[in-house]
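The values are calculated or read from the model by the stated rules, or taken from the named source; none is laboratory data. Nothing here was measured: the structure is a model prediction, and the numbers come from that model. As a convention, Cβ positions derive from the backbone with ideal geometry for all residues, glycine included, and neighbour counts pool all protein chains shown.
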Amino acid sequence: MNQQNPLPVTIYTPESAIANPGRMLRDMVHDLRMSRELSWRLAVRDISAQYRQAMLGFLWALVLPVANTAVWVFLSASGILAVGATELPYPVFVLIGTMLWAIFMEAVTAPMQGVSAARDMLAKINFPREAIVIAGIYQVLFNAAIKLAILLVVLFIFGIAPDWRIVLVPFGVASLILAGTAIGLFLTPIGLLYTDIGKGLPILMQFLMYLTPVVYPLRGEGRLSTLLLLNPLTPLIETTRAWLTGGTPQWLLYFLATNVLAIVVLLAVWIVYRLAMPIIIERMSS
Amino acid sequence: MNDMLIKAEGVSKRFCRSLKKSLWYGTQDLCSEIAGRRHGGHGQLREDEFWALQDVGFELRRGECLGLIGRNGAGKTTLLRLLNGLIRPDRGRIEIRGRVGALIALGAGFNPILTGRENIHVNASVLGLSRHEIDRKLDGIIDFSEIGDFIDTPVQNYSSGMQLRLGFAVASALEPDVLLLDEVLAVGDAGFRTKCFKRIGEVLQNAAVIFVSHSEAQVSRICDSTLLLESGVAKHHGSTSDGLRLYRESQQGPAPPPRIVADASVSALELHHVPESMPWGGMLEIELAVKISRPIMLGLIFVHFSRDGEYQANAEVRLESGGAMQLGDGNHILTFSVGPVHLGRGRYQVSVSIFDASGKTTIFQALDIASVDVVGPATGGVPHLVPIAFQVRQDVASPVRTRLTLDT
């Protein structure tokens, strides 16, 4: 029976996996395939556990963006802040912005949160480490779906009719998650060793939010708009918002370029993550 | 089926004592790893580091079981984690063929809110079972765990024993080629433990097993060979009985000093004859010379065997009223024939205590006056009673030399 089905051989040496790229790529593909079922199980576990213990259930996905929107609508309506004219009614503009931003944020924090929560398991059981990250992405996707459904209801209430381009919205959301995961996974290895990263991240993200047209529109000229345009997240938010509301996206090429960049970065940080896990597990538990 | 499944050569691992430095070294290692350099540099120690494991090597075939013994902190767990691929060696090489199963972290990844059934799916998935295998084995797992109707209840309502049983049932459903076992067997109630052993016995025949345990009886029953680790170094690799003997010796500190407590009637006491070792089931002859300065009545005589300060067995003689023995002035030789002694193998301390007929007044207690090695099978240390015969003779010829150190 062993002749037909030779046993897989695993070798552990001090050599860096990157020194043998061919084998490393093979292992990466193999582990990714092995993670499919496991990551699904983990995601189902986490999602059902999360909602089983919460009375408001799915509504929790909305609390933060809605609260955020309320604040901005209030600030703008009371004249404390002059946001400027938006094509969309301002509440809709802000709600879409904060919802999309929330999706991005979740994607950023998911890898580190997932790995942190699975510490015990990681330290004791050998399973494809990708599964934790993928499970996190599933959860983000699940929450994003709820948010999108709510957004559609809000659009309908405000009488905003999206055109055919609404079918492109999932691509927009996917690229937000892609970019978020790339950033989050990049921070994960060091963030697990030093808690500073976890503490600094929300502040950094808050700052980044104001450098992205989330709560105010991108205007034609000025220093701020140059700065906003340098931010590769801008085309992601802008394009997705346009697709949602029947507008014409202005930065389609930039949007694609950001995605290509995000994919390249994600591949690179995936490799780093793989290399880092044994080192981190060793330091976490010792 | 006689194929080599584990091959470890010169495996070394270093750890760091200081947390701050450890994190910093981790960051350094991470950078050099990304740069494609060897993990652990050229195998030298950095500041505050030490070898948690040094040059350990062994080979294991299917159907063989290697016992991993050693004190806490000797590197057993580190070796298991290396074999499991959780951490990487700093030197050396490990080659493993086939699926690795570990009965180490039972119930890892259990979510307390989810039901037992849901947790089986998750846990089995984490351990590497495919959905197909899980579906096929689900009923078997539930049966084995003896959870019954509670299987659809959240795991947080389970007793710790139930969680453990469920964890073991899932973990042991894996059919591994290489099994890592870490003293999980010391848990659960007796009935379930028996079942666990039976299940492990089944796996043993089809896998290469590494078994970490402190229980001599378990190791000598299951293991074909043992690896004794001492401060990260393999002190012994070979026959189980030798390994266990060395381990026992390494565990034994120097024998505790004898302590003698006596009342005023005993002025000197000397141990004449105790053999250094005896076979299991053999007789132990003890000769004790005492010098009596005031006549005494012997009533109760005890001989204790203790190990690491704990009583393992005792022998007693009760000279019932009327039979109480009077010892006059002068030297006497007290002879005790204790046995057959059915103590598990190991080194024991022997103590002799003598009380008067009422059992209330201590005439003397000679604690830890001798140590004796019992040679034979390893058995559990269940305290028991040993037969004894006792006689006294007047001894005029040889004077009793030892002066008493009187504890008051």
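Observations on the structure shown:
- Selection within the range A:41-85 - in a loop (DSSP other than H, G, I, E, B), closer than 20 Å to A:ALA144 by Cβ and more than 14 Å from chain B (Cβ to nearest Cβ): A:LEU56
- Every condition in (1) free of Cβ contacts under 8 Å to residues at least 12 places away in the same chain; (2) in a loop (DSSP other than H, G, I, E, B); (3) more than 7 Å from every other protein chain (Cβ to nearest Cβ) holds for B:ARG37 except the one numbered (3).
- Pair list, Cβ under 8 Å, 6 or more apart: the range A:99-119 residue at positive phi, other residue surrounded by 23 or more Cβ atoms within 10 Å (Cβ to Cβ): none
- When the strands (runs of 3 or more DSSP E) confined to the range B:152-265 are screened for residues that are within 14 Å of the chain's Cα centre (by Cα) and under 26 Å from B:ILE96 (Cβ atoms), those reaching at least 1 such residues are found at B:178-182, B:208-212, B:225-230.
- Any hit, the range B:48-59, residues being crowded, with 24+ Cβ neighbours inside 10 Å and assigned to a loop (DSSP other than H, G, I, E, B): no
- Pick from the range B:104-143, criterion over 14 Å from A:LEU42 (Cα atoms) and at the interface with chain A (Cβ under 7 Å from one of its Cβ atoms), ranking: nearest to the chain's Cα centre (by Cα): B:ILE104
- Residue satisfying condition, being assigned by TED's automatic domain parsing to the domain that holds B:LEU129, among the charged types (D, E, K, R) and at pLDDT below 80, within set B:GLU183, B:GLU202: B:GLU183
- Test result for A:VAL115, at pLDDT below 90, surrounded by 21 or more Cβ atoms within 10 Å (Cβ to Cβ) and in a helix (DSSP H, G or I): no
- Here is the figure for the range B:93-103: residues that are among the charged types (D, E, K, R) and more than 7 Å from chain A (Cβ to nearest Cβ) total 1.
- Some residue of the range B:189-203 being polar (S, T, N, Q) and farther than 20 Å from B:LEU83 by Cβ: yes
- Against the numbered list (1) modelled with pLDDT under 90; (2) in a helix (DSSP H, G or I); (3) not small (Gly, Ala, Ser), A:MET28 comes up short only at (1).
- Among residues of the range A:76-94 being over 21 Å from A:ALA161 (Cβ atoms) and surrounded by 15 or more Cβ atoms within 10 Å (Cβ to Cβ), the one that is modelled with the highest pLDDT is A:SER76.
- Failed criterion for A:VAL264 (all others in (1) within 14 Å of another protein chain (Cβ to nearest Cβ); (2) of a type in the set (Val, Ile, Thr); (3) loosely packed, with under 14 Cβ neighbours inside 10 Å hold): (1)
Here's the yes/no breakdown for (1) modelled with pLDDT under 90; (2) at positive phi; (3) touching a His at 6+ places or on another chain (Cβ under 6 Å):
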residue	(1), (2), (3)
B:LEU82	no, no, no
B:ARG93	no, no, no
B:GLY109	yes, yes, no
B:ILE113	yes, no, no
B:LEU138	no, no, no
B:SER145	yes, no, no
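- Tally, over the range B:68-107, of residues that are over 19 Å from B:VAL178 (Cα atoms) and either in a loop (DSSP other than H, G, I, E, B) or among the aromatic types (Phe, Trp, Tyr) (or both): 8
- Residue pairs whose Cβ atoms lie under 9 Å apart, sitting 6 or more positions apart in sequence or on different chains, and linking a residue in the range A:152-170 that is among the basic types (Lys, Arg) to a partner that is not in a helix (DSSP H, G or I), are A:ARG165/A:GLY246; A:ARG165/A:GLY247; A:ARG165/A:THR248; A:ARG165/A:PRO249.
- Total residues in the range A:216-229, condition surrounded by 15 or more Cβ atoms within 10 Å (Cβ to Cβ) and out of contact with any Ser or Thr (no Cβ under 7 Å at 6 or more places or on another chain): 3
- Only one entry of A:ARG241, A:ARG283 meets the criterion of being of a type in the set (D, E, K, R), over 28 Å from A:SER116 (Cα atoms), in contact (Cβ under 8 Å) with a residue 24 or more places away in the chain and touching a Gly at 6+ places or on another chain (Cβ under 9 Å), and that entry is A:ARG241.
- Selection status of A:PHE104, exposed (fewer than 15 other Cβ atoms within 10 Å of the Cβ), more than 30 Å from B:ARG88 (Cα to Cα) and either at the interface with another protein chain (Cβ under 9 Å from one of its Cβ atoms) or out of contact with any Asp or Glu (no Cβ under 8 Å at 6 or more places or on another chain) (or both): no
- Yes/no for B:ALA313 being closer than 30 Å to B:VAL212 by Cβ, part of a loop (DSSP other than H, G, I, E, B) and touching a strand residue (DSSP E or B) at 6+ places or on another chain (Cβ under 7 Å): no
- Evaluation of A:VAL29 against (1) under 25 Å from the mean Cα position of the chain (by Cα); (2) within 14 Å of chain B (Cβ to nearest Cβ); (3) exposed (fewer than 11 other Cβ atoms within 10 Å of the Cβ) (one fails), failing number: (2)
- Scope the range B:136-178; condition among the basic types (Lys, Arg) and surrounded by fewer than 20 Cβ atoms within 10 Å (Cβ to Cβ); matching residues: B:ARG136, B:LYS137
The rows are residues; the columns are (1) over 25 Å from A:VAL133 (Cα atoms); (2) in a helix (DSSP H, G or I).
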residue: A:GLY184; (1), (2): no, yes
residue: A:ILE190; (1), (2): no, yes
residue: A:ILE197; (1), (2): no, yes
residue: A:PRO202; (1), (2): no, yes
residue: A:MET209; (1), (2): no, yes
residue: A:PRO213; (1), (2): yes, no
residue: A:LEU227; (1), (2): yes, yes
residue: A:LEU236; (1), (2): no, yes
residue: A:THR239; (1), (2): yes, yes
